[in-house]
Amino acid sequence: MKFNYDIPKEVASFIENSKLEEISIGCSNSQVIKISKEKDEYYLKMASRGMLTKEYEKLKWLDGKLAVPKIILYVITKEAEFLITKAIPGQMICNDYFTQNPLLGIKVIAEAFKEINKVDITDCPFDSSIDYKLEIVTNNVNHKLIKKEDLNEETLKKYGSIDNILNYLKEHKFYEPLCFSHGDTSLPNIFALNNQFSGLIDVGESGMADKWFDLAICEKSIKRNYGEDYITPFYHELGITPDRDKIDYYLLMMELYL
């Protein structure tokens, strides 16, 4: 297998005599390797130095608070970071079984959100608020990292330019009651075992934020994986009425993310 970085000895020792499989699903900038070792499964993430630090720190903080991967090994070299975690049991809820049984998937998603909402933010050191997100998208726009062809055609038609979108987001910022936010509640990051919620992965953008950000991200992923008809059952299962203004705001904001 070809690795993107030189593997440090600690990692090489752990993966020795293991079955390795590169994972391509998801939107991560990391190289992800599935490790099958002595009847257990692990995942190795590797990325440029600094790219995995947030995820490592947040996994540490979330240990015992939420069902997230357990840290096995974390190594930093001059050029890269390497993070090995124990696999969450079960399967991601965008697999064939759940796309063919979407209402079961919706129930699992609702369980995931209930667990996320239980996380106490009293001592949470991670800011994922609107101001944090606006800083990211402003940087993306200022450094011309977002191209017109990356935007939805309807979005570009409505706002005219990338700068106009950014100005709209800044001018329409709203008050956000803070709670714990996973930061990327798309279906590939939610796992189920025996049709029950079993855990979440990819917590690098987690922290204190408005609950509607996670709900907006999940809505978009439900539409992509299950179909638009399952958005209403999603909110019904959660027992809430969707705040379309906030949802649309966050979905627009995500067009300026990378």
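Among the residues of region 107-127, those that are closer than 24 Å to Lys223 by Cβ, surrounded by 15 or more Cβ atoms within 10 Å (Cβ to Cβ) and in contact with a Leu (Cβ under 9 Å, 6 or more places away or on another chain) comprise Ile109, Ala110, Ala112, Phe113, Glu115, Ile116.
Restricting attention to region 189-202, the residues that are surrounded by fewer than 23 Cβ atoms within 10 Å (Cβ to Cβ) and either without any contact (Cβ under 8 Å) to a residue 60 or more places away in the chain or of a type in the set (S, T, N, Q) (or both) total 4. Against the conditions (1) of a type in the set (A, V, I, L, M); (2) over 20 Å from Glu205 (Cβ atoms); (3) within 17 Å of the chain's Cα centre (by Cα), Ile106 satisfies every one except (3). Say whether the condition of being touching a strand residue (DSSP E or B) at 6+ places or on another chain (Cβ under 6 Å), small (Gly, Ala, Ser) and not assigned by TED's automatic domain parsing to the domain that holds Tyr56 is met by at least one residue in region 169-191. For region 169-191, residues touching a strand residue (DSSP E or B) at 6+ places or on another chain (Cβ under 6 Å), small (Gly, Ala, Ser) and not assigned by TED's automatic domain parsing to the domain that holds Tyr56: present. If you check Glu205 against the conditions, is it surrounded by 17 or more Cβ atoms within 10 Å (Cβ to Cβ) and either acidic (Asp, Glu) or in a helix (DSSP H, G or I) (or both)? So Glu205 fits the description; yes. Mind listing whichever residues of region 149-163 are surrounded by 10 or more Cβ atoms within 10 Å (Cβ to Cβ), free of Cβ contacts under 8 Å to residues at least 24 places away in the same chain and among the charged types (D, E, K, R)? Matches in region 149-163: Lys158, Asp163.
Here Phe98 clears all of (1) touching a Leu at 6+ places or on another chain (Cβ under 9 Å); (2) surrounded by fewer than 21 Cβ atoms within 10 Å (Cβ to Cβ); (3) in contact (Cβ under 8 Å) with a residue 12 or more places away in the chain except the condition numbered (2).
The values are calculated or read from the model by the stated rules, or taken from the named source; none is laboratory data. Predicted model, so just to flag it, every value in this text is computed and none were measured. A quick note on method: Cβ atoms are made from the backbone with ideal geometry, for glycine too, and the neighbour counts reach across all protein chains shown.
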